[in-house]
1. Along each principal axis of its Cα atoms, how long is segment 230-289 end to end? Whole angstroms, biggest number first, please.
2. Between residue 69 and residue 274, what is the label-point separation in nm under the 7 Å Cα-to-beta-carbon projection?
3. Counting only protein heavy atoms and a 1.4 Å probe, tell me what percentage of segment 49-160's accessible area is made up of carbon and sulfur.
4. Considering only protein heavy atoms, what is the solvent-accessible area of residue 103 at a probe of 1.4 Å, reported in Å² to the nearest 10?
5. How about residue 98: which aspartates and glutamates have a C-alpha closer than 17 Å to its C-alpha, ignoring those fewer than 8 places off in the same chain?
6. Which of 55/118; 161/243; 55/198; 52/198 have a Cα-Cα distance over 27 Å?
7. Which ³J(HN,Hα) values, rounded to whole Hz and listed in residue order, are derived for segment 45-53 from phi using the Karplus coefficients 6.51, -1.76 and 1.60 in 6.51 cos²θ - 1.76 cosθ + 1.60 with θ = phi - 60°, glycine and proline given as x?
8. Using a 1.4 Å probe on the protein heavy atoms only, what accessible surface does residue 19 show? Give it in Å² to the nearest 10.
Amino acid sequence: MPSTEMPKKLGSELERIVLDRIANNRLILPAMPAVPQRCLEILREPDFNVRKLVKELEAEPVLALLVVRAANAATFGRGAAMQALDQAVMRIGARSLKTLITEYAVNELFESSNRQIKEANRRVREHSLVVALLARDIAALIGNIEPDTSYLAGLLHDIGKPVLGAMILEIDRKLGRSTPGWIDSSGWTQIIESSHRKVGVAVATEWRLPDAITAAIRDCSDYDGADRTSVGNVVRLANALAKREGYTTGPTDAADIEAMIMVGMSMLGGDTSVVDRLVNNIGSRLPGA
């Protein structure tokens, strides 16, 4: 058997196993980290208990620090830096706290000890962050669309990819393979691209994410004509714009991308010149830029 055939056959077998697990509800999904999960449960209450939330945050020092930093950023130029966690919570508010805490929880899904998966996840993470930033800006530009929800939907729209990558690594170990890099990039991409949507929706359901975010994860390829100004449509446009700028994780078709952008701009009614300016500056807004 030619050596090039082995990765293809193994890739096909992995894809079959993954799809079988999805079809039979036997996915082992990553649980949301305990502290963020409890914090989000508290924040689901209309009048959440600040003291109870602060107690949970104190058990996760990094998350607590992020909350204080976010509060200080929100008050920049309007007084002394804030140190008290309860004051920070009140300053940020429930909506922004949900976004910050969910974003913190999501970061765990991108970590991997496998070098190749870590690099693949880095590209997914960068693409997802660009989509999230653009989705939030487009939602604010259009109006009547929640920017924070759009941001989270953009951040999570490809969340099935790192989860599926970890699943493939686990199946690989069970198959007894010990040689890293046994599957080539095209085989890896084929498996991820064909199955990650279903995995992403399963994660969104498990994490009890809002319906608008789950809908955005479910399908980024077709606009929803029945709900033209939906969060999902905002994410679809942002996704196409990100790909046009080179922030992508797989093969792309330039003509398809331009068509998606044209339809999205028409459907959402955004100002093309303003959106173009947002896109042109997007690289400078990424961490480490």
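The values are calculated or read from the model by the stated rules, or taken from the named source; none is laboratory data. All of these numbers come straight from a predicted model, not from anything done at the bench. Counting neighbours? That spans all protein chains shown, and the Cβs are built from the backbone with ideal geometry, glycine included. For the accessible areas, the whole protein counts, side chains as well, though only heavy atoms, and no ligand, DNA or RNA atoms are used. Shrake-Rupley method; radii C 1.70, N 1.55, O 1.52, S 1.80 Å.
1. Per principal axis, max minus min of the Cα coordinates gives 34, 27, 20 Å.
2. 3.0
3. That share works out to 49 percent.
4. Estimated to the nearest 10 Å², residue 103 gives 60 Å².
5. Hits, sequence-local ones excluded: 41, 45, 47, 56, 58, 60, 86, 108, 146, 148, 206, 211.
6. 55/118; 55/198; 52/198
7. 6, x, 10, 5, 7, 4, 4, 5, 5
8. 60
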